[in-house]
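Visitor: Quick one: structure below, then a few questions.
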Amino acid sequence: MPPGKPAGSRIGRSVNGDELIGTAVVPDGVELRLMRNDSDFAIFLQSIELMSTDLSASEEALAIMACEHLGDRPAPQLLIGGYGMGFTLRAALAALGEDASVTVAELVPEIIEWARGPMRELTAGCLDDPRVVLIMDDVAMLIDAAWEGYDAILLDVDNGPEGLTRRLNDYLYSRCGLNAALNALKPTGILAIWSADPDPAFTAQLQRAGFKVTEASVTARPDGEGTCHHIWFASKGSAAPSQLALTRP
């Protein structure tokens, strides 16, 4: 574990005895490894388990609770960054109607290759759903390019505001990144952010950016046991913001 890493992080089991399925390098970041242990898969950064098939409940909750916040608005437009193991995408598709559209931004090509290859049974065809548009690029680029384009933006990028895999991910959680998200959301839209741990300073930053914030603590395991993860639901007011100059690092 990196020095000072909070106890609530997605900390990995030992990889001893697990089968290495593939590796990938995050652009401007680190090497990831896809491991399999019997029927379970996990993606590791060194000894840190970034995501796994047996710790999926909070990633599903990110989508389920965000869709509950949206209510029954017609033809909702969602942006999800990134794909991960697809738990958030599949939960969103199950919660949304046929008139919805879901854009998925994934930066690492191997993540999608793994989804369509060794994890295809888990993927269950979600990437081929007609409501889904997959874009192989940084989700920050899509957010920066949008103006009141999305009803909801769902972010499960890195480890939350305290990142591990890529320094440029910090932009998403910065003042400029949050201003970009505010501009990209439709009036009354929702920015939902997954994190390994709560972060009161980030809550305050969301509020300073102009969001109305609620928070939830959700268990990582489907059985409700074990580690809890954190989700922010940041609501945009009905008044449209003035467009802000955005400066990327």
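Visitor: Give the residues of the range 100-132 that are under 15 Å from Gln77 (Cβ atoms) and within 16 Å of the chain's Cα centre (by Cα), sorted by residue number.
Guide: Val102, Thr103, Val104, Ala105, Val132
Visitor: Is it the case, given these coordinates, that Asp54 is within 21 Å of the chain's Cα centre (by Cα), in a loop (DSSP other than H, G, I, E, B), at pLDDT 85 or above and not small (Gly, Ala, Ser)?
Guide: On the way: within 21 Å of the chain's Cα centre (by Cα): yes; in a loop (DSSP other than H, G, I, E, B): yes; at pLDDT 85 or above: yes; not small (Gly, Ala, Ser): yes.
Judged against the criteria, Asp54 is a match.
Visitor: Return the residue satisfying two criteria in turn: it lies in the range 1-43 and is more than 28 Å from Asp138 (Cβ to Cβ) and among the polar types (S, T, N, Q), and of such residues it is modelled with the lowest pLDDT.
Guide: Here the answer is Ser14.
Visitor: Still on this structure, please answer the following. Just a yes or no: is a residue in the range 51-61 over 19 Å from Asp223 (Cβ atoms) and in contact (Cβ under 8 Å) with a residue 12 or more places away in the chain?
Guide: Residues of the range 51-61 over 19 Å from Asp223 (Cβ atoms): none.
Looking through the range 51-61, none of the residues is over 19 Å from Asp223 (Cβ atoms) and in contact (Cβ under 8 Å) with a residue 12 or more places away in the chain.
Visitor: Determine whether Glu148 is touching a residue at least 12 places away in the same chain (Cβ under 8 Å), assigned to a loop (DSSP other than H, G, I, E, B) and more than 21 Å from Leu70 (Cα to Cα).
Guide: On the way: touching a residue at least 12 places away in the same chain (Cβ under 8 Å): yes; assigned to a loop (DSSP other than H, G, I, E, B): yes; more than 21 Å from Leu70 (Cα to Cα): no.
For Glu148, the condition - touching a residue at least 12 places away in the same chain (Cβ under 8 Å), assigned to a loop (DSSP other than H, G, I, E, B) and more than 21 Å from Leu70 (Cα to Cα) - is not met.
Visitor: Pairs, please: C-beta under 8 Å, at least 6 apart or cross-chain, first residue under 15 Å from Ala91 (Cβ atoms) and in the range 124-139, second among the β-branched types (Val, Ile, Thr) and not in a strand (DSSP E or B)?
Guide: Leu127/Ile112
Visitor: So, in the range 44-79, exactly how many residues are under 24 Å from Pro130 (Cα atoms) and β-branched (Val, Ile, Thr)?
Guide: Selection size over the range 44-79: 1.
Visitor: Quick check on my filter: what residues within the range 123-161 are among the polar types (S, T, N, Q) and surrounded by 22 or more Cβ atoms within 10 Å (Cβ to Cβ)?
Guide: Asn159
Visitor: If I ask for residues that are buried (at least 21 other Cβ atoms within 10 Å of the Cβ) and out of contact with any Cys (no Cβ under 7 Å at 6 or more places or on another chain), which ones from the range 83-99 would you list?
Guide: Tyr83, Gly84, Met85, Phe87, Thr88, Ala91
Visitor: Can you tell me which of Glu225, Glu148 is in contact with a strand residue (DSSP E or B) (Cβ under 6 Å, 6 or more places away or on another chain), over 27 Å from Pro109 (Cβ atoms) and not polar (S, T, N, Q)?
Guide: Glu148
Visitor: Now a separate question. Considering only residues that are surrounded by fewer than 18 Cβ atoms within 10 Å (Cβ to Cβ), assigned to a strand (DSSP E or B) and out of contact with any Pro (no Cβ under 9 Å at 6 or more places or on another chain), which ones fall in the range 22-32?
Guide: Once the filter is applied, which keeps residues that are surrounded by fewer than 18 Cβ atoms within 10 Å (Cβ to Cβ), assigned to a strand (DSSP E or B) and out of contact with any Pro (no Cβ under 9 Å at 6 or more places or on another chain), the range 22-32 yields Thr23, Val25, Glu31.
Visitor: Does the range 164-184 contain any residue that is closer than 16 Å to Met85 by Cβ and surrounded by 18 or more Cβ atoms within 10 Å (Cβ to Cβ)? Give the derivation first.
Guide: First pass over the range 164-184, keeping only residues closer than 16 Å to Met85 by Cβ: 165.
Checking which are surrounded by 18 or more Cβ atoms within 10 Å (Cβ to Cβ) leaves us with 165.
Among the residues of the range 164-184, at least one is closer than 16 Å to Met85 by Cβ and surrounded by 18 or more Cβ atoms within 10 Å (Cβ to Cβ), which makes the answer yes.
The values are calculated or read from the model by the stated rules, or taken from the named source; none is laboratory data. Not measured: the values here are computed from a predicted model. Ideal geometry is used to build each Cβ from the backbone, glycine not excepted, and the neighbour counts take in all protein chains shown.
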